[in-house]
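Before any comments, here is the structure.
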Number of protein chains: 2
Amino acid sequence: MNKIRAVVFDAFGTLFDVYSVTARAEQLFPGRGEALALLWRDRQIDYTRIRTMAAPDGAHYKPFWAITVDALRYAAERLGLALDEATEAQLLKEYACLSAFPENLGALKRLRKAGLPLGILSNGNAEMLDISVKSAGMHGLFDHVLSVDAVRQYKTAPAAYALGPLAFGLDAQEMLFVSSNGWDACGAIWFGYTTFWINRAGHPAERLDVAPSGTGHDMNDLLEFVRAHGVAV
Amino acid sequence: MNKIRAVVFDAFGTLFDVYSVTARAEQLFPGRGEALALLWRDRQIDYTRIRTMAAPDGAHYKPFWAITVDALRYAAERLGLALDEATEAQLLKEYACLSAFPENLGALKRLRKAGLPLGILSNGNAEMLDISVKSAGMHGLFDHVLSVDAVRQYKTAPAAYALGPLAFGLDAQEMLFVSSNGWDACGAIWFGYTTFWINRAGHPAERLDVAPSGTGHDMNDLLEFVRAHGVAV
C-alpha cells in the first residue's frame, strides 16, 4: 500500500449531515417528508448523470444548486405536494445551515494536525460549498475546496475526479478519497484513488466490480485506516 | 415540422410491459415485491449511468443483462430478502416472457402499413431484445433492432442515440424517437430527434429544460401525432 499524502472528501452526506433537510420536509409535509426528501435526492443525482452523459463537453451542464431546485420541484409535483414560494425557500434554506456529523470536526482536526493536506471534491458548486463549510464550522480546515463546476461534468466522470491530483500536485493513488456514497467511492477507485467508503447507512456494497481499500461506519474508522497506512494520527 | 420518415422505439417499459416482473416479485416476496422491483429497476439504470460516465471509451461497460443481474442482487441484499439461485432464476426468467402493452401490436402494424420504417433503440443487449421481441409477438415488425452494446455507452450518451440515424440513413430530426421514460425522451431531444413521450404513468415532465414534440398516454396518442405530421396512418 502507498503512503497517504492527502485526503479528499465528498461533501453532502459525507462531511455534511443532510438529515435536517428531511426533518424540515417532514415538518412542512407531515407524513410525506421522507418520501419527498428521498425523491428529491434521487432526482438531484439523476439529473447530474443524465446531463453529464448527454454531453461530455458540458453543453447540458447546469450548476448543482440549480439542479437541486429543479429536482425539488419535480419531486413535489410528482407527490402532489403544493410547493409555494415560501415553502420552497424554507426547504432550500436548510442547505445553508447543514451541520457536520458529530465526529467529523474532531477527526478532520486530527488529520490536519498529523500534517495531511485536506480537501473537498464535490458535485456542489462553489457558493453551496462555501456556505456549507462555514455553517458546519469547518472553515480553514481545507487546503482545496474543489467543485466539478470547473469542468462542467459531474461525478463519476474522470474529469471530475482529476481535479484532486491536479490541485494537490500528487498522483491519485497517493491520495485518499473518502465518500459515504458507494457509487462515488467506485468512481474514485476507477480513477485511481486510494478509497475509503464511509458506509453510514449500513448498505450493501454496490455491485460495480470494484471494492474500496477500506470501509467503515464513521470518520473514526477512517482515522484507524489512515493510521494503518503510516500516518501518525 | 419535418415529415417523419422513420420511428424508433425504446424497448423496456415503452414497447414491452415489464409489470410481470413486479407481479412475480410480489408472488415470491409477499408484501415486498413492489419495493424489490422498484429498487431493482433504479439500480439497473443507475449502474448504466455510473459506468458510462466513468468511461466514455467504454472501459467500464458491462452488458445490460449482466447489469440487470447485479442490480437484482444488490436490491435483494439491501432489502434483506434471501435470493437463492432458484428464486433469482424465476425473477430473471420474467424478462424472457414479457408481453406487449395491449394497444402496441395494432399500432405498430398500422405504422408499418403506412410505409414507415420502424426500429428499436435500447439499452438492452441483442440477446435480451431478441427474446423480448419474440415473446411480445413483434417478430418481423422492425427494420432495425439496435442495442447500445455496439458503442458500449448507455443512453443518454450521444453515441447511443447516434445508432438510429446511422442505421436508417436519415437525419435525426426526420426520425421520431418514442420512449415512456421522460429522461430518455430528453436525451433524444438533445441529440436532435423529433421526440414523443408516452407518459403511461402520468408523471410530471422531467425538469431538464427541454420538452418533447409530443406527449400522450399510449400508442394510440402516438398514431394521432404521426397523422398530424403528414403520415396517413
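May I ask you to list the residues in the stretch B:106-124 that are surrounded by fewer than 15 Cβ atoms within 10 Å (Cβ to Cβ) and part of a helix (DSSP H, G or I)?
B:Gly106, B:Lys109, B:Lys113, listed by residue number.
Return yes when A:Ala185 is within 14 Å of another protein chain (Cβ to nearest Cβ) and either modelled with pLDDT of 95 or more or outside any helix (DSSP H, G or I) (or both) and no when it is not.
yes
Is it the case that the stretch A:83-101 has a residue that's part of a loop (DSSP other than H, G, I, E, B), out of contact with any strand residue (DSSP E or B) (no Cβ under 8 Å at 6 or more places or on another chain) and within 14 Å of chain B (Cβ to nearest Cβ)?
There is at least one residue in the stretch A:83-101 that is part of a loop (DSSP other than H, G, I, E, B), out of contact with any strand residue (DSSP E or B) (no Cβ under 8 Å at 6 or more places or on another chain) and within 14 Å of chain B (Cβ to nearest Cβ).
Find all pairs meeting these conditions: Cβ atoms under 7 angstrom apart; at least six residues apart or on different chains; first residue within the stretch A:100-127 and more than 25 Å from A:Arg152 (Cα to Cα) and among the acidic types (Asp, Glu); second residue modelled with pLDDT of 95 or more and surrounded by 21 or more Cβ atoms within 10 Å (Cβ to Cβ).
Pairs that qualify, where the first residue is more than 25 Å from A:Arg152 (Cα to Cα) and among the acidic types (Asp, Glu) and the partner is modelled with pLDDT of 95 or more and surrounded by 21 or more Cβ atoms within 10 Å (Cβ to Cβ), are A:Glu103/A:Met219.
Inspect all residues belonging to the stretch A:211-230 and state whether any of them is more than 14 Å from the chain's Cα centre (by Cα), within 14 Å of chain B (Cβ to nearest Cβ) and buried (at least 19 other Cβ atoms within 10 Å of the Cβ).
So far as the stretch A:211-230 goes, no, none of its residues is more than 14 Å from the chain's Cα centre (by Cα), within 14 Å of chain B (Cβ to nearest Cβ) and buried (at least 19 other Cβ atoms within 10 Å of the Cβ).
Give the number of residues within the stretch A:159-180 that are in contact with a Ser or Thr (Cβ under 7 Å, 6 or more places away or on another chain) and not in a strand (DSSP E or B).
Total meeting the criteria: 2.
Taking the condition of being hydroxyl-bearing (Ser, Thr, Tyr) and open to solvent by 10 Å² or more (accessible area, probe 1.4 Å), how many residues in the stretch B:1-51 meet it?
Qualifying residue count, the stretch B:1-51: 3.
When you scan the stretch A:163-173, how many residues do you find that are of a type in the set (A, V, I, L, M), without any contact (Cβ under 8 Å) to a residue 40 or more places away in the chain and either away from chain B (no Cβ under 14 Å) or surrounded by fewer than 19 Cβ atoms within 10 Å (Cβ to Cβ) (or both)?
Summing the residues that are of a type in the set (A, V, I, L, M), without any contact (Cβ under 8 Å) to a residue 40 or more places away in the chain and either away from chain B (no Cβ under 14 Å) or surrounded by fewer than 19 Cβ atoms within 10 Å (Cβ to Cβ) (or both) in the stretch A:163-173 gives 1.
Does B:Thr194 qualify as being of a type in the set (Ser, Thr, Tyr) and open to solvent by less than 40 Å² (accessible area, probe 1.4 Å)?
Criteria met by B:Thr194.
From (1) within 14 Å of chain A (Cβ to nearest Cβ); (2) farther than 30 Å from B:Asn220 by Cα; (3) open to solvent by 40 Å² or more (accessible area, probe 1.4 Å), pick out the condition that doesn't hold for B:Ala71.
(3)
Within 14 Å of the chain's Cα centre (by Cα) and more than 10 Å from chain B (Cβ to nearest Cβ), is that true of A:Ala126?
Yes.
From A:Gly58, A:Gly80, which residue is on the phi > 0 side of the Ramachandran plot, open to solvent by less than 30 Å² (accessible area, probe 1.4 Å) and assigned to a loop (DSSP other than H, G, I, E, B)?
Result: A:Gly58 is the single residue among A:Gly58, A:Gly80 that is on the phi > 0 side of the Ramachandran plot, open to solvent by less than 30 Å² (accessible area, probe 1.4 Å) and assigned to a loop (DSSP other than H, G, I, E, B).
Does the stretch B:145-156 contain at least one residue that is out of contact with any strand residue (DSSP E or B) (no Cβ under 9 Å at 6 or more places or on another chain), farther than 30 Å from A:Leu79 by Cα and without any contact (Cβ under 8 Å) to a residue 12 or more places away in the chain?
No - not one qualifying residue is present in the stretch B:145-156.
Let's see how each residue does on (1) more than 14 Å from chain A (Cβ to nearest Cβ); (2) closer than 24 Å to B:Gly182 by Cα:
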{"position": "B:Phe9", "(1), (2)": "yes, yes"}
{"position": "B:Thr14", "(1), (2)": "yes, yes"}
{"position": "B:Ala25", "(1), (2)": "yes, no"}
{"position": "B:Gly31", "(1), (2)": "yes, no"}
{"position": "B:Leu38", "(1), (2)": "no, yes"}
{"position": "B:Arg51", "(1), (2)": "no, yes"}
{"position": "B:Pro56", "(1), (2)": "no, yes"}
{"position": "B:His60", "(1), (2)": "no, no"}
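So, in the stretch B:1-53, how many residues would count as being out of contact with any strand residue (DSSP E or B) (no Cβ under 6 Å at 6 or more places or on another chain), more than 22 Å from A:His203 (Cα to Cα) and not basic (Lys, Arg)?
So the answer is 16.
Identify the residue in the stretch A:131-158 that is of a type in the set (Val, Ile, Thr) and assigned to a loop (DSSP other than H, G, I, E, B) and, among all such residues, is most open to solvent (accessible area, probe 1.4 Å).
Once the filter is applied, the top-ranked residue is A:Val151.
For the condition more than 20 Å from B:Ala159 (Cβ to Cβ) and without any contact (Cβ under 8 Å) to a residue 60 or more places away in the chain, what is the one hit in B:Leu15, B:Leu28, B:Leu38?
Answer to the selection: B:Leu38.
The values are calculated or read from the model by the stated rules, or taken from the named source; none is laboratory data. These figures come from a predicted structure and were not determined experimentally. Positions of Cβ are generated from backbone atoms using ideal geometry, with glycine treated the same way; all protein chains shown enter the neighbour counts. Heads up: the accessible areas ignore ligands, DNA and RNA and are worked out on the full protein's heavy atoms, side chains in. Shrake-Rupley method; radii C 1.70, N 1.55, O 1.52, S 1.80 Å.
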